[in-house]
Amino acid sequence: MKKYVMALDQGTTSCRAILFDKESKIVGVTQKEFTQIYPKAGWVEHDADEIWSTQYGVIAELIAKTGIKVDEIASIGITNQRETTVVWDKNTGKPVYNAIVWQCRRTTTICDDLKAKGYEDVVREKTGLVVDAYFSGTKVKWILDNVEGARAKAEKGELLFGTTDTWLIWKLTGGKVHVTDYSNASRTMMFNIRELHWDKELLEMLDVPQKMLPEVRNSSEVYGNTDAGVFLGFEVPIAGVAGDQQAALFGQACYEPGDAKNTYGTGCFMLMNTGSKIYTSKHGLLTTIAWGIDGKVEYALEGSTFIAGAAIQWLRDGLKIIDVAPDSEYYAKKVKDSDGVYFVPAFVGLGAPYWDMRARGGIFGLTRGTTKYHIIRAALDSLAYQTKDVLGSMEADSGISLKSLRVDGGAVANNLLMQFQADILGTRVDRPEIIETTALGAAYLAGLAVGFWKSKEELASRWLLDRRFEPDMEEEKKAKLYKGWLKAVERTKDWED
Ligand code: G3P
């Protein structure tokens with residue numbers, strides 16, 4: 001008897017494994033952080049083998065901790081940090097280079113070159129993306145151009161490319177299955193989101209051989225079984241895949257056009273379901289594939305902010321002014337506001353709606369009276385301001401004025417931040433009972449594919465409100481605070497040569 005669905009959440013800073021039961025309740029969670037590699041300013045890498053061993057470790061730990069039997073798992077759903085690029089040798093299974101992380105800016109000049117050659121319009125039209133180092137395409141090109149022998153091997157069909165969903169599926173199936181889903185493919189800058197195939201012109205633009213690309217499949221279907229030799233002696237169907245932000249949209253039950261969510265993870269990502277309609281943003285947002293189910297693809301508008309929770313992590317690991325991330329709320333509450341201090345965490349440039357690859361972070365408005373509490377407060381505030389930046393664009397692009405915003409991710413446990421978010425947006429902020437929405441979405445996709453759950457309607461009825469934050473700030477104060485933020489953002493732009 002199948003009792004559970006397991007979600008694997010391969011995020012930017014950690015790997016998690018989460019077990020859900022039929023009532024969508026969490027039965028167990030395990031999590032482990034892995035190494036962040038910063039070889040140069042603005043460069044970010046991961047060791048793909050470490051990602052695999054960390055992911056495998058949390059799976060084994062979850063089984064041991066919950067005491068469940070592996071054959072009680074109906075299916076596995078995978079959700080992942082998107083765009084992060086792994087290239088490996090299909091014969092040896094070894095990555096030819098570290099994974100180049102979505103935040104990595106090393107391909108800025110490749111992007112400059114593509115823009116100079118006039119590719120911006122074609123990229124926007126075919127992929128819904130802007131030309132930016134964020135996406136996988138230029139990262140693959142960089143590996144093929146810079147790793148000795150890589151291009152020749154890729155042309156002979158000996159190398160495979162994948163985002164980390166693809167990498168994990170390949171590992172879990174013992175190297176038998178090389179696939180991704182529509183939502184992840186739509187982040188590569190190589191996939192045509194209108195015609196739903198790898199695009200020849202874009203592959204030529206980037207000089208990437210098509211034979212190294214995975215097959216693109218639905219977000220909810222059986223791709224293959226785990227290899228018993230690899231997966232604790234059992235063959236379990238892998239039946240759901242979505243990029244983490246799209247999975248969160250699914251887990252938040254944003255199934256109707258106009259439904260929107262904001263996830264506070266390493267970065268902050270707001271997505272609005274637009275159904276079968278492809279909106280082309282005029283305000284710096286991306287158009288992306290939300291998911292593909294039964295061959296039908298739905299789209300979303302996305303506002304991507306690169307650094308959110310990572311700013312809090314930097315207070316912990318870089319500045320060392322907090323010991324653990326949740327302490328940020330305690331310290332921030334020691335002051336009534338940031339006292340005019342603004343923290344723009346443009347550590348890896350600015351994403352939506354600015355798209356400035358050369359911006360770098362800054363803290364502004366410091367005085368002799370500034371304390372670490374003000375800086376911590378300003379760091380939290382920056383998550384709310386960045387969300388406001390993208391919400392404005394989203395309303396302008398879609399013509400829909402949001403009455404409420406569903407939120408999820410670790411930082412939404414912070415009540416101070418959520419209240420400030422509602423205040424600065426002037427919009428209600430709704431926090432659901434399950435804030436592990438990314439994992440939940442992946443589980444839902446995998447559960448639907450094997451009949452563990454029957455329909456999206458059944459899943460939508462499970463969405464329960466934990467707390468609603470009502471906006472409560474005078475217009476004048478709101479406008480003044482936001483003006484200060486915009487001024488600070490301006491000063492971080494075009495910093496790096
Ligand atoms: O596009 C990058 C995004 O998928 C990363 O998500 O949850 O690791 O911040 P997260």
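Numbers for the structure displayed
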| quantity | calculated |
| --- | --- |
| In segment 105-116, residue nearest to the ligand (Cβ to nearest atom) [restricted to those that are in contact (Cβ under 8 Å) with a residue 40 or more places away in the chain and not in a helix (DSSP H, G or I)] | 105 |
| Some residue of segment 195-208 being out of contact with any Asp or Glu (no Cβ under 6 Å at 6 or more places or on another chain), aliphatic (A, V, I, L, M), more than 14 Å from the ligand (Cβ to nearest atom) and on the phi > 0 side of the Ramachandran plot | yes |
| Residue identified as away from the ligand (no atom under 16 Å from the Cβ), surrounded by fewer than 24 Cβ atoms within 10 Å (Cβ to Cβ) and at positive phi among 340, 362, 318 | 340 |
| Single condition residue 325 does not satisfy, out of (1) surrounded by fewer than 22 Cβ atoms within 10 Å (Cβ to Cβ); (2) more than 14 Å from the ligand (Cβ to nearest atom) | (2) |
| Only listed residue being part of a loop (DSSP other than H, G, I, E, B), touching a residue at least 40 places away in the same chain (Cβ under 8 Å) and crowded, with 24+ Cβ neighbours inside 10 Å, chosen from 376, 307 | 307 |
| Selected residue [at pLDDT 95 or above, aliphatic (A, V, I, L, M) and within 27 Å of residue 326 (Cβ to Cβ)] from 481, 405 | 481 |
| Residues of segment 9-44 classified as of a type in the set (Val, Ile, Thr), in contact (Cβ under 8 Å) with a residue 60 or more places away in the chain and more than 16 Å from the ligand (Cβ to nearest atom), total | 1 |
| Matching residues in segment 63-104 - criterion: being more than 14 Å from the ligand (Cβ to nearest atom), of a type outside the set (Val, Ile, Thr) and assigned to a loop (DSSP other than H, G, I, E, B) | 67, 69, 90, 91, 93, 94, 97, 98 |
| Selection within segment 399-431 - in contact with a Gly (Cβ under 7 Å, 6 or more places away or on another chain) and either at positive phi or part of a helix (DSSP H, G or I) (or both) | 409, 410, 411 |
| Meets criteria (over 19 Å from residue 385 (Cα atoms), within 23 Å of the chain's Cα centre (by Cα) and of a type outside the set (Val, Ile, Thr)) for residue 422 | no |
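The values are calculated or read from the model by the stated rules, or taken from the named source; none is laboratory data. What you see is a predicted model, and the numbers here were worked out from it, not measured in a lab. All Cβ positions, even for glycine, are placed from backbone atoms using ideal geometry, and neighbour counts span all protein chains on display.
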